[in-house]
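The values are calculated or read from the model by the stated rules, or taken from the named source; none is laboratory data. As the structure is a prediction and not an experimental result, all values here were calculated from the model. For neighbour counting, all protein chains shown are included, and Cβ atoms are generated from backbone atoms with ideal geometry for every residue, glycine included.
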DNA sequence: TAATGGATGTTCT
DNA sequence: GAACATCCATTAT
């Protein structure tokens with residue numbers, strides 16, 4: 001069953017946790033690609049220095065300030081795209097970064113999209129995930145509640161959920177807003193950012 | 001297995 | 001001009 005708007009209109013870390021076990025579905029060239037979400041991170045607004053929305057609304061992060069349940073796709077590090085889902089309510093920015101999935105349908109398509117292919121590492125990282133699913137900025141702002149190209153479906157909650165600090169950030173490292181399925185084997189290998197120190 | 005550094009381009013100061 | 005929610009190959013242990 002497709003997730004409805006109300007699922008996303010909640011406290012962002014709660015959405016990030018509840019997305020574990022849900023299915024991400026992508027229609028690419030008429031083919032159905034999908035996988036179970038095994039790793040997410042929560043990003044909020046003016047109180048979260050690691051968030052793109054921390055310094056206020058810009059043309060890049062505008063989607064985070066809009067309705068919940070939409071795709072926020074941005075280009076990072078000169079080479080990669082990252083896929084987020086917006087949360088909370090218009091005017092209160094929030095988004096969940098989808099960091100890894102366990103591939104289910106269209107695995108051979110995903111391997112082809114990725115080019116170099118270690119089979120166990122098709123989508124175990126935010127950049128790898130978007131490349132495997134052929135996601136780029138054309139999907140920025142896509143409404144996942146109604147879209148025919150990209151959406152989320154409910155699943156079964158994993159038995160064991162682990163948390164940690166978020167990966168690859170330099171501020172807001174104290175918050176344990178990364179959520180992943182313990183023992184999954186499809187979780188990214190990144191380590192949480194070290195806790196910030198006073199100079 | 002762990003650590004390092006290069007590729008690469010958009011965004012914001 | 002600096003920073004950046006990354007990935008991968010190469011080098012060192």
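Would you mention how many residues in segment A:136-154 are part of a loop (DSSP other than H, G, I, E, B), in contact (Cβ under 8 Å) with a residue 24 or more places away in the chain and out of contact with any helix residue (DSSP H, G or I) (no Cβ under 9 Å at 6 or more places or on another chain)?
Selection size over segment A:136-154: 2.
Would you point out which residue out of A:129, A:133 is within 18 Å of residue A:72 (Cβ to Cβ), free of Cβ contacts under 8 Å to residues at least 60 places away in the same chain and buried (at least 21 other Cβ atoms within 10 Å of the Cβ)?
The conditions single out A:129.
Within segment A:55-80, restricting attention to residues that are free of Cβ contacts under 8 Å to residues at least 60 places away in the same chain and more than 9 Å from DNA strand C (Cβ to nearest atom), which residue is surrounded by the most Cβ atoms within 10 Å (Cβ to Cβ)?
A:65
Could you check segment A:13-130 for strands (runs of 3 or more DSSP E) lying wholly inside it with 3 or more residues that are under 15 Å from residue A:188 (Cβ atoms)?
A:31-43, A:80-86, A:95-105
Mind checking whether some residue in segment A:39-47 is under 19 Å from residue A:114 (Cβ atoms), surrounded by 20 or more Cβ atoms within 10 Å (Cβ to Cβ), more than 10 Å from DNA strand C (Cβ to nearest atom) and at pLDDT 95 or above?
Taking every residue of segment A:39-47 in turn, at least one turns out to be under 19 Å from residue A:114 (Cβ atoms), surrounded by 20 or more Cβ atoms within 10 Å (Cβ to Cβ), more than 10 Å from DNA strand C (Cβ to nearest atom) and at pLDDT 95 or above.
Among the residues of segment A:169-199, which ones are surrounded by 15 or more Cβ atoms within 10 Å (Cβ to Cβ) and part of a loop (DSSP other than H, G, I, E, B)?
Matches in segment A:169-199: A:169, A:172, A:173, A:175, A:177, A:184, A:186, A:187, A:188, A:190, A:193.
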